[in-house]
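Student: Pasting a structure below so you can have a look.
Just so it is clear, none of the values below were taken in a lab; they were calculated from the coordinates. All of these numbers come straight from a predicted model, not from anything done at the bench. Ideal geometry is used to build each Cβ from the backbone, glycine not excepted, and the neighbour counts take in all protein chains shown.
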Amino acid sequence: MGELVLAARGLSRQFGGLAANKDVSLDMHRGELHAVLGPNGAGKSTLINLLSGDLPPSGGQILYRGQDISSWSPDRRSRAGIGRSYQRTNIFPAFTAFENCRLAAQSRAPRALHVFSRAQNYDDLRSAADRALEQAGLASRRDVVAATLSHGEQRQLEIAMVLATAPSVLLLDEPLAGMGSEESQLMVSLLQKLSVDHAILLVEHDMDAVFAVADVITVMVTGQVLESGPPDQIRSSLAVQEAYLGGGEPDDE
Amino acid sequence: MSSAIKTSRSALLATLLVLSIFPLFGSDYYSELLTKIMIMAIFAMSLDLLVGFTGLVSFGHAAFFGIAAYAVVLVSPQYDPASLWLVLPAAVLAAAVAAFVIGLFVLRTKGIYFIMVTLAFAQMIYFVFHDSPLGGGSDGVFINFKPELRIGETQLLDLGNAAHFYYIVLLLLVATYVFLRILLRSPLGHALAGIKSNEHRMLSLGFPVFLYKLAGFVIAGALAGVAGFLSACQFGFVTPEILSWHQSGNVLLMVILGGIGTLNGAAIGAFAFVVLQEVFSALTKHWQFLMGTVIVLVVMLLPGGLASLTQRVRRLLVGGGSNG
């Protein structure tokens, strides 16, 4: 197992009287794909938003390489290497797929003071963008305006943009939602490749995909961690089956 | 596509040619009017950087125009002409510093709140000059001697000379246009476009969005300062009215009239606005009624502003060959 990169310690988030996350702790290691499962409203997206800084926590700590980053802004966390994708596609609709990724790459080498240079002329940004498009399977759609891409392609672009920022942590909020089976397969194999040298947190409803790629699975119910462990343990856990099947009898085993 | 770029390039060059020879043939009255239009074009382009390219609808842009104009007054000695080397940088710097300080506050707000807070700051500055002896109160102040450009004993340029002044304004208009075009294709320009398109995603990609917006705000303020400097020099006096909310509204109307986010449109809008104002106010003292009608019609019938009109005509002339 690789080094501990990102960790949540007793993380909680209140929305008024509702505890969307309550005392959530989990570890993300380099080289490990950590999936989060749970029914709707379990607090999975809230957890990602807390880790990425889109939401400030009500309590608890987020540790990145041992440092408490709970109060860091989203852009600072991103620059430190924590990249995220969104459940609802969040791209630059009027730009081409390439420019979406080129701009993402630019965040790593901003050159904000190079006012008299052309943004399009930086080879490092161009190759980072092309590499990201290639990885996400979008190379053939490079020069298409993002708004006119199909829904599934926009989901791929969503991932490509994160990759273009060369993150060490990936927080992926339902990356497979809305993808066709072919793109899903491509994405699953991409996730497997990426998990070798990244720490990945994957929120996903597609059970087959999750059990195929996850090294660790955490199941959340009503904002709390129900159980966490390797896929085999989760598959055979009575508590998990009860939460998912509403207390019904387990079918086999 | 390339033919469209070529046509717009030749249109730009033709415009530049007309502007550079106009004073040789046009009457003084029209040369002066054109000078005023070019100054307003600089002002409108500076606002377009915010409204059209960063997505920041500022309703207080006259503040920076006015601060630069008052800076000319405050820097100019009473009985001598000021040096252009001193007074132009001083005016632009004053506008930029004001934009930096105001930007620190207003850029923390968004949408309708941003519009209101920029308006509020501009009104505060209006009252500073209106109600304090600093700017001569509501009557304003005269600039007794217009700035000049001197090397040693020889006077190279006299801003009191209408022809000299015309060409200085034209030069600064071209410089502003070229500078903004270069800026927009730089990494900073692309980041501003990203902020306009999706500010939230820019943050999550790691851009310190606030600093980028502040940079855009200061650049726009400084360029508005160039226009304010020229305006003070053209008319030789400065009143608080040039930083009132009417002025902020007018420049916003120029940008909307010409076409938001096109740069050329801002200049076209400034031209149309000043000319219409001139024509309508000669017809009736209720000229604002006519102006309002024109603006409503343009917004309803030409969503892309007057700049889109030239594109439509070009498309008609060239045929289907130049879509986009």
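Student: What helices (runs of 4 or more DSSP H) completely inside the range B:110-218 contain at least 3 residues that are within 14 Å of another protein chain (Cβ to nearest Cβ)?
Tutor: Output list reads B:162-184, B:187-204.
Conditions (1) assigned to a helix (DSSP H, G or I); (2) within 13 Å of the chain's Cα centre (by Cα), marked per residue:
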{"site": "A:Ala160", "(1), (2)": "yes, yes"}
{"site": "A:Leu186", "(1), (2)": "yes, no"}
{"site": "A:Leu201", "(1), (2)": "no, yes"}
{"site": "A:Ala209", "(1), (2)": "yes, no"}
{"site": "A:Met220", "(1), (2)": "no, no"}
{"site": "A:Val225", "(1), (2)": "no, no"}
{"site": "A:Ala239", "(1), (2)": "yes, no"}
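Student: With the structure loaded, tell me whether B:Thr293 is polar (S, T, N, Q) and buried (at least 20 other Cβ atoms within 10 Å of the Cβ) or whether it fails that test.
Tutor: no
Student: Which fully enclosed helices (runs of 4 or more DSSP H) of the range B:2-93 have 2 or more residues being without any contact (Cβ under 8 Å) to a residue 60 or more places away in the chain?
Tutor: Correct list: B:2-25, B:28-51.
Student: Taking the range B:264-319, which residues are assigned to a helix (DSSP H, G or I) and on the phi > 0 side of the Ramachandran plot?
Tutor: Across the range B:264-319, the qualifying residue is only B:Gly319.
Student: Identify the single condition in (1) buried (at least 24 other Cβ atoms within 10 Å of the Cβ); (2) more than 14 Å from chain B (Cβ to nearest Cβ); (3) in contact (Cβ under 8 Å) with a residue 40 or more places away in the chain that A:Leu133 does not satisfy, given that it satisfies every other one.
Tutor: Going through the list (1) buried (at least 24 other Cβ atoms within 10 Å of the Cβ); (2) more than 14 Å from chain B (Cβ to nearest Cβ); (3) in contact (Cβ under 8 Å) with a residue 40 or more places away in the chain, A:Leu133 breaks only (3).
Student: Okay, next question. Could you please let me know if A:Leu51 is more than 14 Å from chain B (Cβ to nearest Cβ), crowded, with 18+ Cβ neighbours inside 10 Å and among the hydrophobic types (A, V, I, L, M, F, W, C)?
Tutor: no
Student: Of all residues in the range A:81-111 being of a type in the set (A, V, I, L, M) and surrounded by fewer than 17 Cβ atoms within 10 Å (Cβ to Cβ), which is farthest from the other protein chains (Cβ to nearest Cβ)?
Tutor: A:Ala109
Student: Which of the residues spanning the range A:179-207 are surrounded by fewer than 16 Cβ atoms within 10 Å (Cβ to Cβ), over 29 Å from A:Ala19 (Cα atoms) and not polar (S, T, N, Q)?
Tutor: Result: A:Gly180, A:Glu182, A:Lys193, A:Val196, A:Asp197.
Student: Just checking, how many residues over the range A:23-47 are surrounded by fewer than 23 Cβ atoms within 10 Å (Cβ to Cβ) and in contact with a Lys or Arg (Cβ under 8 Å, 6 or more places away or on another chain)?
Tutor: The qualifying residues number 1.
Student: For the range A:136-157, name all the residues that are over 21 Å from A:Ile82 (Cα atoms) and either among the charged types (D, E, K, R) or within 10 Å of chain B (Cβ to nearest Cβ) (or both).
Tutor: Passing the criteria: A:Arg141, A:Arg142, A:Asp143, A:Ala146, A:Glu153.
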